[in-house]
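J.: Here it is, the structure in full.
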Amino acid sequence: MSERMSEGLEKVYAARTAAGLADAYSSWSTDYDRETLSLGYCLPFLIAAWVARHVPRGDGPLLDAGCGTGLSGPYLRALGYPDIEGLDFSADMLALAAQRGAYSALTQAALGDPLPYADGRFAAFFSTGVFTEGHAPASGLDELVRATRPGGHAVFTVRDVVLERGGFRSRFVELESAGSWRPVEESPPFRAFAIAEPDVFVQAFVFEVL
């Protein structure tokens, strides 16, 4: 593993419990944007390419699942998606997301738990950098799919090291076998950080909800 340049990132990777992860993000929240962007973190911006490719412009509402400080919201609004809601488990991160003025609603909840949304509420959900080491479980996809309307899309990234061992591949198959979604697109592995962390790879996935 390469030497990490961010103490905040170190604490997030080291967290082993939900409480520990929440504490890590709380203490890191005010420096999160500056530090991750200095490392070349590109996922909050790159995810917009897949959303724009598969979700008609103007469709909404969209759910930014694991929105963090809300980096993705303003850029998707600029691309023609004015109705975006955000979800995150960190109150401190949500407070920063609110300052961006890009979200119509922000909700504090944890992926993997029941979500406070009606069935089929969203035209699509997108999630980036959330399904990774020590973060949201593969089971969190179930509630996100439930809250997405038929014909809508699921757009998200998964860290390479948890794709198999975290049960994501098997969850994909289970949801497909249950008639909940169908696969649309899968990217090759690519770097999550353009400058640092050369061994951190993710893949992007797109599914149509049925």
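The values are calculated or read from the model by the stated rules, or taken from the named source; none is laboratory data. Computed from a predicted model, the values in this text were never measured in an experiment. In this analysis, Cβ positions are derived from the backbone assuming ideal geometry, glycine residues included, and neighbour counts consider all displayed protein chains.
J.: Return only the number of the condition from (1) surrounded by 19 or more Cβ atoms within 10 Å (Cβ to Cβ); (2) over 12 Å from the mean Cα position of the chain (by Cα) that Leu71 does not satisfy.
T.: (2)
J.: State yes or no: is Val209 surrounded by 16 or more Cβ atoms within 10 Å (Cβ to Cβ), in contact with a Ser or Thr (Cβ under 6 Å, 6 or more places away or on another chain) and not aromatic (Phe, Trp, Tyr)?
T.: Values: surrounded by 16 or more Cβ atoms within 10 Å (Cβ to Cβ): yes; in contact with a Ser or Thr (Cβ under 6 Å, 6 or more places away or on another chain): yes; not aromatic (Phe, Trp, Tyr): yes.
For Val209, the condition - surrounded by 16 or more Cβ atoms within 10 Å (Cβ to Cβ), in contact with a Ser or Thr (Cβ under 6 Å, 6 or more places away or on another chain) and not aromatic (Phe, Trp, Tyr) - is met.
J.: Answer yes or no as to whether Ala97 is in contact with an Asp or Glu (Cβ under 6 Å, 6 or more places away or on another chain), more than 20 Å from Val209 (Cβ to Cβ) and of a type in the set (Gly, Ala, Ser). Quick ask: steps written out before the conclusion?
T.: Numbers: in contact with an Asp or Glu (Cβ under 6 Å, 6 or more places away or on another chain): no; more than 20 Å from Val209 (Cβ to Cβ): yes; of a type in the set (Gly, Ala, Ser): yes.
It is false that Ala97 is in contact with an Asp or Glu (Cβ under 6 Å, 6 or more places away or on another chain), more than 20 Å from Val209 (Cβ to Cβ) and of a type in the set (Gly, Ala, Ser).
J.: Moving to a separate point now. If you take the residues in segment 111-137 that are buried (at least 20 other Cβ atoms within 10 Å of the Cβ) and touching a Ser or Thr at 6+ places or on another chain (Cβ under 6 Å), which one is nearest to Leu87 (Cα to Cα)?
T.: Phe125
Per-residue answers, yes or no, for (1) within 27 Å of Thr107 (Cβ to Cβ); (2) touching an Asp or Glu at 6+ places or on another chain (Cβ under 6 Å); (3) crowded, with 21+ Cβ neighbours inside 10 Å:
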{"residue": "Ser139", "(1), (2), (3)": "yes, no, no"}
{"residue": "Ala147", "(1), (2), (3)": "yes, no, yes"}
{"residue": "Pro150", "(1), (2), (3)": "yes, no, no"}
{"residue": "Val158", "(1), (2), (3)": "yes, no, yes"}
{"residue": "Ser170", "(1), (2), (3)": "no, no, no"}
{"residue": "Glu176", "(1), (2), (3)": "no, no, no"}
{"residue": "Ser180", "(1), (2), (3)": "yes, no, no"}
{"residue": "Pro183", "(1), (2), (3)": "no, no, no"}
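J.: Sticking with this one: Give just the number: which of (1) under 16 Å from the mean Cα position of the chain (by Cα); (2) surrounded by fewer than 16 Cβ atoms within 10 Å (Cβ to Cβ) does Ala105 not satisfy?
T.: Ala105 satisfies all of (1) under 16 Å from the mean Cα position of the chain (by Cα); (2) surrounded by fewer than 16 Cβ atoms within 10 Å (Cβ to Cβ) except (1).
J.: Would you tally the residues in segment 141-164 being closer than 13 Å to Gly112 by Cα and in contact with a helix residue (DSSP H, G or I) (Cβ under 9 Å, 6 or more places away or on another chain)?
T.: Total meeting the criteria: 3.
J.: For segment 82-91, state whether one or more residues are over 20 Å from Val145 (Cα atoms), crowded, with 19+ Cβ neighbours inside 10 Å and touching a residue at least 40 places away in the same chain (Cβ under 8 Å).
T.: yes
J.: Looking only at residues that are crowded, with 16+ Cβ neighbours inside 10 Å and outside any helix (DSSP H, G or I) in segment 26-50, which one is modelled with the lowest pLDDT?
T.: The residue in question is Leu39.
J.: Can you confirm whether Arg165 is part of a loop (DSSP other than H, G, I, E, B) and among the basic types (Lys, Arg)?
T.: Here the answer is yes, as Arg165 does meet what is asked.
J.: Restricting to segment 186-199, and then to whatever is assigned to a loop (DSSP other than H, G, I, E, B) and under 16 Å from the mean Cα position of the chain (by Cα), can you tell me which residue is modelled with the lowest pLDDT?
T.: Let us first name the residues in segment 186-199 that are assigned to a loop (DSSP other than H, G, I, E, B), namely 187-189, 192, 194-199.
Now restrict to residues that are under 16 Å from the mean Cα position of the chain (by Cα): 187, 192.
Working: Ser187: 98, Ala192: 95.
Only one residue tops the list, namely Ala192.
J.: Contact list please: Cβ distance under 8 Å, first residue in segment 184-205 and among the acidic types (Asp, Glu), second residue at pLDDT 95 or above and assigned to a strand (DSSP E or B), pairs at least six apart or on different chains.
T.: Hits for this filter: Glu185/Ala204; Glu185/Phe205; Glu185/Val206; Glu186/Gln203; Glu186/Ala204; Glu186/Phe205; Glu186/Val206; Glu197/Arg191.
J.: Could you list, in sequence order, the residues of segment 175-185 that are in a strand (DSSP E or B), closer than 19 Å to Arg146 by Cβ and charged (D, E, K, R)? First the steps, then the outcome.
T.: If we filter segment 175-185 for residues that are in a strand (DSSP E or B), which is where we start, we get 181-185.
So of that shortlist, the ones also closer than 19 Å to Arg146 by Cβ come out as 181-184.
If the condition is that a residue be in a strand (DSSP E or B), closer than 19 Å to Arg146 by Cβ and charged (D, E, K, R), then Arg182 is the only one that fits.
J.: Identify, please: which residue in segment 96-123 is in contact (Cβ under 8 Å) with a residue 60 or more places away in the chain and either assigned to a helix (DSSP H, G or I) or touching a strand residue (DSSP E or B) at 6+ places or on another chain (Cβ under 7 Å) (or both) and is, among those, nearest to Thr69 (Cα to Cα)? Talk me through it step by step, then tell me what you get.
T.: The initial filter retains those residues of segment 96-123 that are in contact (Cβ under 8 Å) with a residue 60 or more places away in the chain, namely 96, 110, 121-123.
Still in the running and either assigned to a helix (DSSP H, G or I) or touching a strand residue (DSSP E or B) at 6+ places or on another chain (Cβ under 7 Å) (or both): 96, 122-123.
On the way: Leu96: 5, Phe122: 21, Ala123: 22 Å.
The extreme case among them is Leu96.
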